[in-house]
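Taking it in order: structure first as structure tokens, then the write-up.
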Amino acid sequence: MTNKAWFNTDQQLSPGKEIFRSERSFVLWAYTASHGQLLFRSLGSPDEADDLPKTTIEVLFKPAEVMKIRDTYHGLLIRPAPDDEAERIKATHPGVDFSTSDRVFLVESQGETDYIISMAVGWHEDVLAPTRRSFFTNVFAGDTRWPTTPLHGVDAGFTIASAADLVEALRSSEDHRQVRRERYRNVYVVMTRVELRDGPDISGSGVFLTHEDAEEAKAVLEPHVADCWIETLPVAI
């Protein structure tokens, strides 16, 4: 069963009303400066042999204007702050120009309370496919690349694997069908275009681990084709 919700209206966000509760543990998973997206995740596991829940839960705040948070929560409750508490918290940030849509969300865990000032919050629980980066990252019409980050926006590069990691993944004989593909490594594809009688033939002529190797191959092929270029593609590891 898929469970999800998105809260961004006054009718949904009555002051003090509990809008999310879970006894599971959540970790700070991602943040992007683009649109101020802040993502928490409670990990699931597809392995029937281990004791972790089988579903993943994600909670997204957007756009997060001000945050007082921790990197891990053991149990999580979220509710809009009562009006007087919201005003008191906003007053502690006199340098921020809040809009009327900015709400103070109280984030409670183990008897302690943090807060996030944001316009909206949503959550999604389901089984997260091994190569899907997040429930909140979608591929749109016109996209031609597999998403490599949990959220669209500026990427700090923490999930980029080394070339050695990629080689090890390619060599491994283990069944990795259910392994989470949390990291990626770019490879370099040399593309060629050849003009044929019935039209152009475009194809990939080789995949290389480094851009230098791809450039070398391109230099060899270039004199023999109508066009030759390098495309960078991410490989999920």
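For the structure I just gave you, tell me whether Ala64 is surrounded by 20 or more Cβ atoms within 10 Å (Cβ to Cβ) and among the aliphatic types (A, V, I, L, M).
Yes.
Among the residues making up region 145-163, a single one is farther than 24 Å from Phe208 by Cα, of a type in the set (A, V, I, L, M) and either surrounded by 15 or more Cβ atoms within 10 Å (Cβ to Cβ) or modelled with pLDDT of 75 or more (or both): Leu151. The selection criterion, being in contact with a Ser or Thr (Cβ under 7 Å, 6 or more places away or on another chain) and either at pLDDT 95 or above or in the same structural domain as Glu182 (by TED's automatic domain parsing) (or both), holds for Val27. Please verify whether Val179 is at pLDDT 85 or above and either in a loop (DSSP other than H, G, I, E, B) or touching a strand residue (DSSP E or B) at 6+ places or on another chain (Cβ under 8 Å) (or both), treating the condition exactly as stated. Criteria not met by Val179.
Among the residues that make up region 169-176, is at least one of them outside any helix (DSSP H, G or I) and either under 24 Å from the mean Cα position of the chain (by Cα) or over 30 Å from Lys54 (Cα atoms) (or both)? Within region 169-176, one or more residues are outside any helix (DSSP H, G or I) and either under 24 Å from the mean Cα position of the chain (by Cα) or over 30 Å from Lys54 (Cα atoms) (or both).
Applying the criterion of being in a loop (DSSP other than H, G, I, E, B) and free of Cβ contacts under 8 Å to residues at least 40 places away in the same chain to the residues of region 102-128, the residue that is nearest to His35 (Cα to Cα) is Asp102.
The values are calculated or read from the model by the stated rules, or taken from the named source; none is laboratory data. The structure presented is a predicted model; accordingly, all values stated were derived computationally and were not measured. FYI the Cβ positions are ideal-geometry reconstructions off the backbone, even for glycines, and counts take in every protein chain you see.
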